[in-house]
Amino acid sequence: MSGYDDRDGKIWMDGQLVEWRDANVHILTHALHYASSVFEGERLYDGKIFLSRKHSERLLKSGEMMDMPIPYTVDEIEAAKRAVVEANGLTNAYVRVVAWRGAGEDMGVSSARNPVRMAVAAWAWGDYYGDAKMQGAKLDIAKWKRPSPETIPTAAKAAGLYMICTMSKHAAEAKGCSDALFMDYRGYVAEATGANVFFVKDGEVHTPLPDAILNGLTRQTVIGMLQARGIAVHERHIMPEEMEGFEQCWLTGSAAEVTPVGQIGEHRFEVGTLTREIAEAYEKLVRS
């Protein structure tokens, strides 16, 4: 399979569709040097992007939090996504919207005079964790910790927040795992490298309070689904040693969807009835 830079198709870039291979930026683009970039990852199901407007709204909010005002409205972002999907003839795909500080008059840490640019790409993409959807993903425990909100806007979906995710996922894969679970700066259970985490015990669900992690849109959707079923959901601080007593576990994210977890470090979980029911219900919801 060819690399992501060498494909046929169209990418929306700064207001127009361009050939896939021509969607390039200059080597002195500010984002390449200082991670001044925010993005969204979305899923297209049967021709419709799930929670599309919410993703566009969050992109603008992320840009605002990173002092990087994005020069497009929600409606303009929505139109760009539709244009990309149609131009590439896609009905089921992953959609990536990214905004960044480009090259300009500034080439130091400060970049206020450089333009904020935006692009939208989409491609066919299967299950994020492969066959883990059936047997349960195996997770390593990351050596890095998610940062304090006092160090960076942790509610933003910003490129810089993912640097330790890349390192942690590489380390996990080297051990034969699918992903890694982070603790936060206080030592509480936080999230995986690109997904939120849920646990089940005695018929009730426990998930980390999103006070230092991204409150994922899929996370919010799944909490609503559980509450609609009358299942108690406890959003709280979870200590690592509590994992020993949990019976089931799953991950949520736009890419991950709802993925069962079979093991985190030394802790094992069953891919139980509730996990499968929520995964199946989510699959129906996104295609409804």
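The values are calculated or read from the model by the stated rules, or taken from the named source; none is laboratory data. Keep in mind the model is a prediction, meaning the values are calculated, not measured. Every residue, glycine among them, receives a Cβ derived from its backbone with ideal geometry; neighbour counts consider all protein chains shown. Protein only, heavy atoms only, side chains kept; ligands, DNA and RNA dropped before computing areas. Shrake-Rupley method; radii C 1.70, N 1.55, O 1.52, S 1.80 Å.
Compute the label zone of residue 201 within the stretch 174-193: residues whose backbone N is under 14 Å from the point 7 Å along Cα-to-Cβ.
189
Using 0.36 nm per residue, how much length does the chain from residue 242 to residue 5 gain when fully extended, once their Cα-Cα distance is taken away? Present the calculation step by step, with values, prior to reporting the outcome.
On the way: separation 237, 0.36 × 237 = 85.32 nm, distance 4.36 nm.
Length difference between fully extended and current span is 81.0 nm.
To the nearest 10 degrees, how steeply does helix 217-228 sit against the main Cα axis of the chain, on a 0 to 90 scale?
So the inclination is approximately 40 degrees.
With the cut-off at 17 Å, report for the stretch 225-277 the share of all Cα pairs above it, as a whole percent. Show your work: numbers first, answer last.
Details: 613 of 1378 pairs.
In whole percent, the share of Cα-Cα pairs in the stretch 225-277 beyond 17 Å is 44.
For a 18 Å ceiling on Cα separation, which of these pairs sit above it: 54/81; 48/169; 48/81? Could the numbers behind the result be given before it?
Values: 54/81 13 Å; 48/169 30 Å; 48/81 10 Å.
Pairs exceeding the cut-off: 48/169.
Largest first and in whole Å, what are the equivalent-ellipsoid semi-axes of the chain based on the Cα gyration tensor, each being the root of 5 times an eigenvalue? Intermediate results must be reported in sequence, preceding the final value.
Values: eigenvalues 211, 98, 61 Å².
Semi-axes, largest first: 32, 22, 17 Å.
Carbon and sulfur: what percent of the chain's accessible surface (1.4 Å probe)? Working shown, then result.
Numbers: 6960 of 13470 Å².
Looking at the chain in its full context, I get 52 percent from C and S.
Contour minus end-to-end for residue 110 and residue 186, with contour as 0.36 nm per residue of separation and end-to-end as the Cα-Cα distance?
Values: separation 76, 0.36 × 76 = 27.36 nm, distance 3.08 nm.
Full extension of this stretch gives 24.3 nm more.
State the answer as a single residue: which of 187, 3, 100 lies farthest towards the positive end of the charge dipole of the chain, with beta carbon charges of +1 for Lys and Arg and -1 for Asp and Glu, about the Cα centre.
Working it through, the farthest residue towards the positive pole turns out to be 100.
Dipole magnitude of the chain about its Cα centre, charges +1 at Lys/Arg Cβ and -1 at Asp/Glu Cβ only, in debye to the nearest 20? All intermediate terms of the calculation are to be shown ahead of the outcome.
On the way: 32 positive and 40 negative charges, 39 e Å.
Around 180 debye, computed over the chain.
Select from 50, 28, 85 the residue farthest towards the positive end of the dipole of the stretch 1-132; place +1 on Cβ of Lys and Arg, -1 on Cβ of Asp and Glu, and compute about the Cα centre.
Result: 50, furthest along the dipole toward the positive end.
Pop a pseudo-label 7 angstrom from the Cα along the beta-carbon direction at both residue 45 and residue 175 and give the gap in nm to one decimal.
The modelled label-to-label distance comes out at 3.2 nm.
Under 17 Å from the Cα of residue 201, which aspartates and glutamates turn up, not counting those fewer than eight places away in the same chain?
235, 241, 242, 244, 247, 270, 277
Note the angle between two axes, namely the Cα long axis of helix 273-286 and the longest principal axis of the Cα atoms of the chain, as a number of degrees from 0 to 90, rounded to the nearest 10.
Value to nearest ten degrees: 30.
Enter the angle in degrees (range 0 to 90, nearest 10) between the Cα long axis of helix 163-174 and the first principal axis of the Cα atoms of the chain, meaning the one along which they spread out most.
50 degrees
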